[in-house]
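Visitor: If you scroll down you'll find the structure; I have some questions about it.
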Amino acid sequence: MFVEAVRLLVTLALLVVGFNVGRVSASWFPSAGLDPAVTVVWGAVLGAGIGYVLGGVGGRALDRTIVKAPQAVSRASGAELFAGAFGLITGIIVGAVIAVPTIVLLPANVGWPFAGLIVLVLAAFGARVFAARSDDLLSATGLRRAARSVPGADESGDRYLIDSSAAIDGRILDLMKVGLVKGNVWVSAFVVDELQAIADAPDQNRRRRGRRGLDVLDSMREIPGLSFLVLEDTVPEHEEVDAKLLALAARLDADVITTDHNLAMAGSLRGLRILNPHSIGESLRPEVTRGDIVEVRVEREGNEPGQGVAFLDDGTMVVISDGAAAVGKQVSIEVTNTLRTSVGRMVFASLVREPTS
C-alpha cells in the first residue's frame, strides 16, 4: 500500500511536469510545426510513464528503509536521537532560509526543486553532525549522558570494556581472579572480530597472540563474581576499532582496560577512566636507584659499542655501559640512572669489578 501511494504521487507530479513541458515546447520551437495539443498529450503521457517507473522503484526503496529504521534506531542512544532530531530541525530552518533566494530568483519550475534539495541536504547534514557530537552538545548544555543499560548486566557493579591488547597481554586475568577487578567486564563484538582476524593471520607469532587473546576472554567467563558479556553494539560513525571502543566506553560509562599506551592516552584526554595492567605492574616492581649495587648476568651485547645488556629478576632491562666483554658472566654493577618510558622502565649501570665465571 505504501509503495502504491508513493508511486501515485510521483506519477501525478511527473504527469504535471510532462504536461507543462509539452505545453511550452511548442512555443519554444515554433518553426518545428508541433501541434500544441499533441505535444501536451505526449508530454503528459511520457511524464506519467516515467513517474510510474520511478515511483515504484523509489517507493520500494523507501519501504525498505522504513522497515530497517527501528533496527537502526535501536542501536542509537537516547542522546544521539535527541541531538539528531535537534540537528534535523536546525538543518530544515537553515535550509529554508538559504532556499528563499533560489525560489525568488529562479523560475518556479526550477527554483522549488532546488529549494527542496537544499533543505533536504542541510537537514540530513544537521542530523548526522549533531548525532555524532551528542556528547559535546549535552556537555555544552550542562546535561550528562546517562549510562546505557545493558541487558544481563549487574547494574550495581563496576563497568569495564576490554581492549584486544589487554586480552592478548593476559595479566588482567590475574587481577580478576584475585578480585581486584570485579563487576561487569564487557568485550565488544568488533574487538572479538579483531582478535579472530589476528588468530587467522598467516604469521605464526600473530596467530599465537590472537589465540591467546581469545583464550583469555574465554577464561573470564569462568571467574566467579564477574559478569562477562559480549556486546553486539556497533559504532557506525567511526571506522577504526580504537575510535569505536572509546565511543562505546563513553556511551556505556565504562572504564577501558588496555595496555596500548596510545589508546590509553587518547582515552584519558577524552575524560575516560583507563585501567592499564602494564602500568599497575610497573608501579609494583621493586625500585632500584642511583648508586645501588646489583648482581646481574650479562645476556648479550647492546646496540652501542661496548654496551652489555642484562635483566633484573623482575624483567627490567639493564644497559651496562662497559659490559660487552662480560657477556655470559655474572657481574656486579652500579646503577647510574633509571628511565621510565611508555613501554616500561630501563636501568643504566656500569661495572664495579671484574667479571667472575
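Visitor: When you scan the stretch 156-262 for helices (runs of 4 or more DSSP H) that lie fully inside it, which ones turn up with 2 or more residues that are under 25 Å from residue 130 (Cα atoms) and touching a residue at least 40 places away in the same chain (Cβ under 8 Å)?
Guide: 241-252
Visitor: Determine whether residue 110 is at pLDDT 80 or above and either under 19 Å from the mean Cα position of the chain (by Cα) or surrounded by fewer than 17 Cβ atoms within 10 Å (Cβ to Cβ) (or both).
Guide: Spelling it out, it is not the case that residue 110 is at pLDDT 80 or above and either under 19 Å from the mean Cα position of the chain (by Cα) or surrounded by fewer than 17 Cβ atoms within 10 Å (Cβ to Cβ) (or both).
Visitor: Collect the residues in the stretch 329-347 that are modelled with pLDDT of 85 or more and not hydroxyl-bearing (Ser, Thr, Tyr), keeping them in residue-number order.
Guide: Listed by number, the residues that qualify are 329, 330, 331, 333, 334, 335, 337, 347.
Visitor: Can you tell me which residue is surrounded by the fewest Cβ atoms within 10 Å (Cβ to Cβ) among those in the stretch 156-203 that are touching a Leu at 6+ places or on another chain (Cβ under 8 Å) and of a type in the set (Ser, Thr, Tyr)?
Guide: Per the criteria, the residue is 165.
The values are calculated or read from the model by the stated rules, or taken from the named source; none is laboratory data. Keep in mind that what you see is a predicted model, and the values were worked out from it rather than measured. Here Cβ is always computed from backbone atoms with ideal geometry, including for glycine, and neighbour counts include all displayed protein chains.
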